[in-house]
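Chemist: What follows is a structure written as structure tokens; I'll ask about it next.
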Amino acid sequence: MYRPKVLITIPCKPPWNHSHVTRACWMLATDRRYETIFMTPSWCPYEHNLNRCAQEMRDRGCNYWLSIDADNPPLNNPLDLVELDLDLVGCPTPVWHDAVKGDRPWYFNALDWTDVDGGGWKPHEPCTGLQEVDAIGTGCFVASRRVFERLESPWFMREYDGRGRVERGHDYLFCKRIKESGMKVWAHFGYLCRHFVELDILTVAEAFDAMYQTMYRKEMRHG
């Protein structure tokens, strides 16, 4: 019986996997719906790693590519998303972003572009089920082979301004190119990922205290 071939990569930087990612790999290895090939590449920098993985997917004749960062273990089986045959679909990952005191200090990396206040990214809503979005992060995603056949390489790269500062990261630029080519970007909130990062608990407490204080002041003004 024919089984689609899926390349599963865990880009490592440094070359280690979180134990929860290792457990997820055991789950994926027992999925008999697909012919799977596993790689744990540690090429640097990260964009180079992703480009090498994408080329491996093409060279090995794979139909799809599932990439899972070493610190982004999925809660459910992302191979389920292969059955949807989407161009690019991400498993939303929580990201810590305590940039503005009083704002919510985290968001899911499934984003939409807004032209409000000069333009910028905002977290997509609603956070339920399968949603078409403008951009996803590359912590955990499933991509169809046709994406890498339609777009020219390099597929993953950063965009810089005239002073050498990063204007757009590799993941958001990749999504922008996909949408400009007529393909679509999706996020499935039924397939969330954990995100293991080192955070100071005092910093976390201060960020949430500031958020609650802002919410309280707003309630008092409108009360």
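The values are calculated or read from the model by the stated rules, or taken from the named source; none is laboratory data. It should be emphasised that the depicted structure is a prediction, and the values quoted were computed from it without experimental measurement. A quick note on method: Cβ atoms are made from the backbone with ideal geometry, for glycine too, and the neighbour counts reach across all protein chains shown.
Chemist: Can you tell which of Leu81, Leu66 is crowded, with 21+ Cβ neighbours inside 10 Å, part of a strand (DSSP E or B), out of contact with any Lys or Arg (no Cβ under 8 Å at 6 or more places or on another chain) and modelled with pLDDT of 95 or more?
Modeler: The conditions single out Leu66.
Chemist: Next question, about the same structure. Taking the conditions exactly as written (modelled with pLDDT under 95, closer than 16 Å to Phe141 by Cβ and either buried (at least 21 other Cβ atoms within 10 Å of the Cβ) or of a type in the set (D, E, K, R) (or both)), does Pro74 satisfy them or not?
Modeler: no
Chemist: Here's something else I'd like to know. When only residues in the range 21-45 that are among the aromatic types (Phe, Trp, Tyr) and either under 19 Å from Leu88 (Cα atoms) or part of a loop (DSSP other than H, G, I, E, B) (or both) count, which is farthest from the chain's Cα centre (by Cα)?
Modeler: Restricting to residues being among the aromatic types (Phe, Trp, Tyr) and either under 19 Å from Leu88 (Cα atoms) or part of a loop (DSSP other than H, G, I, E, B) (or both), the top hit is Tyr34.
Chemist: Hey, among the residues in the range 84-101 that are modelled with pLDDT of 95 or more and among the acidic types (Asp, Glu), which one's nearest to the chain's Cα centre (by Cα)?
Modeler: Asp87
Chemist: Might you let me know whether the range 159-168 holds any residue that is of a type in the set (Phe, Trp, Tyr) and in contact (Cβ under 8 Å) with a residue 24 or more places away in the chain?
Modeler: No: the range 159-168 contains no residue that is of a type in the set (Phe, Trp, Tyr) and in contact (Cβ under 8 Å) with a residue 24 or more places away in the chain.
Chemist: Okay, moving on. Could you please let me know if Arg194 is buried (at least 18 other Cβ atoms within 10 Å of the Cβ) and either in contact (Cβ under 8 Å) with a residue 24 or more places away in the chain or closer than 20 Å to Asp112 by Cβ (or both)?
Modeler: Spelling it out, it is not the case that Arg194 is buried (at least 18 other Cβ atoms within 10 Å of the Cβ) and either in contact (Cβ under 8 Å) with a residue 24 or more places away in the chain or closer than 20 Å to Asp112 by Cβ (or both).
Chemist: Follow-up question, since we're still on this one. When the residues of the range 112-168 are filtered to those that are closer than 26 Å to Phe189 by Cα, hydroxyl-bearing (Ser, Thr, Tyr) and exposed (fewer than 15 other Cβ atoms within 10 Å of the Cβ), which remaining residue is modelled with the lowest pLDDT?
Modeler: Thr114
Chemist: Now a separate question. Within the range 22-58, count every residue that is without any contact (Cβ under 8 Å) to a residue 24 or more places away in the chain and among the hydroxyl-bearing types (Ser, Thr, Tyr).
Modeler: So the answer is 2.
Chemist: Can you pull out every residue in the range 169-185 that is crowded, with 17+ Cβ neighbours inside 10 Å, touching an Asp or Glu at 6+ places or on another chain (Cβ under 8 Å) and touching a residue at least 40 places away in the same chain (Cβ under 8 Å)?
Modeler: Residues satisfying the conditions are His170, Cys175, Ile178, Lys179, Met183, Val185.
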